[in-house]
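**Q** Sharing a structure below in structure tokens format, with a few things to ask.
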Amino acid sequence: MDNESNEILTGGNMNSPVLNDNLIYKESTKASKTIHELLCYVRSQGINWVPESYGINSDGKHVLSYIEGVVPQEKPYWIWNEDILKEVALKLRQWHDATENFKYKKARWLLSNDEINEVICHNDFAPYNCVFKDNKFKGLIDFDVCSPGSRIWDIAYTSYRFIPLFPDKNEEKYYEVSPFSKEVMMNRLKIFLDSYSCDEKEFLYDEKKVINKIRKRLKVLASWSKEYGLQTKNQELQNNAKMYLLHAKWIKIFL
Ligand SMILES: Nc1ncnc2c1ncn2[C@@H]1O[C@H](COP(=O)(O)OP(=O)(O)OP(=O)(O)O)[C@@H](O)[C@H]1O
Ligand SMILES: [Mg+2]
């Protein structure tokens with residue numbers, strides 16, 4: 001790697017990948033080989049909006065293709081465009097369909113859950129892990145925490161983040177808020193689920209079931225964020241844990 005042209009990408013709060021000559025170099029984990037196999041598999045299924053994976057190099061870095069565009073860390077107003085909401089739901093559906101038959105004997109994952117294993121969940125399909133160009137969805141990144149799970153488990157987190165299903169008032173300055181009223185949020189959830197279904201009844205998920213799943217997902221995420229935040233002395237993760245618990249409680253208004 002030519003150090004002169006390395007760019008450290010600090011978007012995420014877990015590690016900072018390096019960009020060099022249109023390639024991304026990420027710190028590898030015990031799951032990286034599995035993620036490499038998974039990305040190669042889904043691309044062979046026609047999913048061309050995820051990075052190409054070139055495997056783990058001799059420095060232990062996971063090498064991936066760079067997707068050019070914007071990865072929003074702060075949420076710009078256009079992120080809530082209805083077209084993006086529909087497109088993201090459709091991409092999640094395509095991702096799930098493409099991972100349904102993924103088999104890798106030596107698979108190792110960073111996360112686990114007690115859901116049925118229908119697909120490989122991305123587990124973190126949110127605005128901060130999507131690339132946009134001209135205010136349109138272009139690609140999905142950050143597959144570190146993928147793991148087998150149910151479709152609704154992923155639908156829960158992605159709809160929570162993209163609707164977004166957050167309270168409309170701040171209780172603490174670091175808590176995220178929604179720009180929408182409860183009525184609009186519920187309508188956006190319907191739009192999301194409708195788009196995911198692609199007019200197939202079997203894939204049209206019930207709103208209340210999704211809300212209940214979001215509660216479960218947020219509680220699991222809160223305990224992971226708290227534990228990992230304490231372990232690594234990461235205050236942002238510890239704050240997130242508090243927010244997820246508060247949101248899990250608040251979201252009961254939709255039941
Ligand atoms: N393949 C890619 N194409 C374009 N940009 C990328 C790619 N991979 C990483 N990035 C950039 O690097 C940043 C951090 O990458 P990534 O999200 O993979 O790391 P992370 O530290 O695991 O993040 P997180 O806190 O979300 O777990 C992203 O926000 C994005 O800006
Ligand atoms: Mg990320």
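Every read-out reported here was derived from the displayed coordinates using simple, explicitly stated rules and does not represent laboratory data. Predicted, not measured: the structure shown is a model, and the values here were computed from it. Note: ideal-geometry Cβ built from the backbone for every residue, glycine included; neighbour counts use all protein chains shown.
**Q** Do you know the relative contact order of segment 155-194, to the nearest whole percent, from alpha carbon pairs under 8 angstrom that are 6+ apart?
**A** Values: 26 pairs, mean separation 14.0, N = 40.
It rounds to 35 percent for segment 155-194.
**Q** Okay, moving on. Can you find, among W153, L38, I84, the residue farthest towards the positive end of the dipole of the chain? Put +1 on the C-beta of Lys and Arg, -1 on that of Asp and Glu.
**A** Highest projection toward the positive end goes to W153.
**Q** Just how large is the dipole of segment 3-65 about the Cα centre, in debye to the nearest 20, putting +1 at every Lys and Arg Cβ and -1 at every Asp and Glu Cβ?
**A** Working: 5 positive and 7 negative charges, 62 e Å.
In total the dipole reaches around 300 debye.
**Q** Just the number: Rg to Rh for segment 86-165, Cα atoms, Kirkwood Rh, two decimals. Walk me through the numbers on the way to the answer.
**A** Working: Rg = 12.6 Å, Rh = 13.1 Å.
My calculation of the ratio gives 0.96.
**Q** Next up: Exactly which GluC sites (Glu not before Pro) in segment 16-115 are in a DSSP loop and have at most 15 other Cβ atoms within 10 Å? Before the final figure, lay out each step's value.
**A** Working: sites: E27, E37, E52, E68, E74, E82, E87, E100, E115; in loops: E52, E68, E74, E100, E115.
Those that pass, being in a loop and sparsely packed, are E52, E68, E74, E100.
**Q** Under 1.5 on a/c is rounded, so check that first for segment 42-94, then, if it is not, pick prolate when a/b is larger than b/c and oblate when it is not; a ≥ b ≥ c are the square roots of the alpha carbon gyration tensor eigenvalues. All intermediate terms of the calculation are to be shown ahead of the outcome.
**A** Details: a/c = 3.67, a/b = 1.62, b/c = 2.27.
Judged from the Cα gyration tensor, segment 42-94 comes out oblate (a/c at least 1.5, b/c at or above a/b).
**Q** Would you work out the relative contact order for segment 1-129, in percent, from Cα pairs under 8 angstrom that are 6 or more residues apart?
**A** Values: 140 pairs, mean separation 31.6, N = 129.
Contact order relative to length: 25 percent.
**Q** Let me ask something additional. Lysines within cross-link reach of K242: Cα-Cα under 22 Å, excluding same-chain residues under 8 positions apart?
**A** Answer for K242, where 22 Å is the Cα cut-off: K75, K169, K173, K182, K213, K216, K219, K226, K233, K252, listed by chain and number.
**Q** Please identify the longest segment of the chain free of exposed trypsin sites (Lys or Arg not before Pro), where exposed means a DSSP state other than H, G, I, E or B and no more than 10 other Cβ atoms within 10 Å.
**A** Details: sites that count: K30, K103, K105, K106, K169, K173, K233.
Looking at the chain, 31-102 is the longest stretch - no exposed trypsin sites (Lys or Arg not before Pro) with at most 10 other Cβ atoms within 10 Å.
**Q** Most mobile of L110, L92, L218 per a Gaussian network model of the chain (Cα springs, under 10 Å)?
**A** Evaluated over the chain, the most mobile residue of the options is L110.
**Q** Between segment 188-216 and segment 91-170, what's the alpha-carbon centroid distance in Å?
**A** 14 Å
**Q** Need one word for segment 68-221: rounded, prolate or oblate. Basis is the Cα gyration tensor (sqrt eigenvalues a ≥ b ≥ c); a/c below 1.5 gives rounded, then a/b vs b/c decides.
**A** Numbers: a/c = 1.41, a/b = 1.33, b/c = 1.06.
Rounded, since a/c falls under 1.5.
**Q** Assign unit charges at the C-beta atoms only (+1 for Lys and Arg, -1 for Asp and Glu), then state the dipole size of the chain relative to its Cα centre in Debye, rounded to the nearest 20.
**A** Details: 36 positive and 36 negative charges, 204 e Å.
Result for the chain is approximately 980 debye, rounded to the nearest 20.
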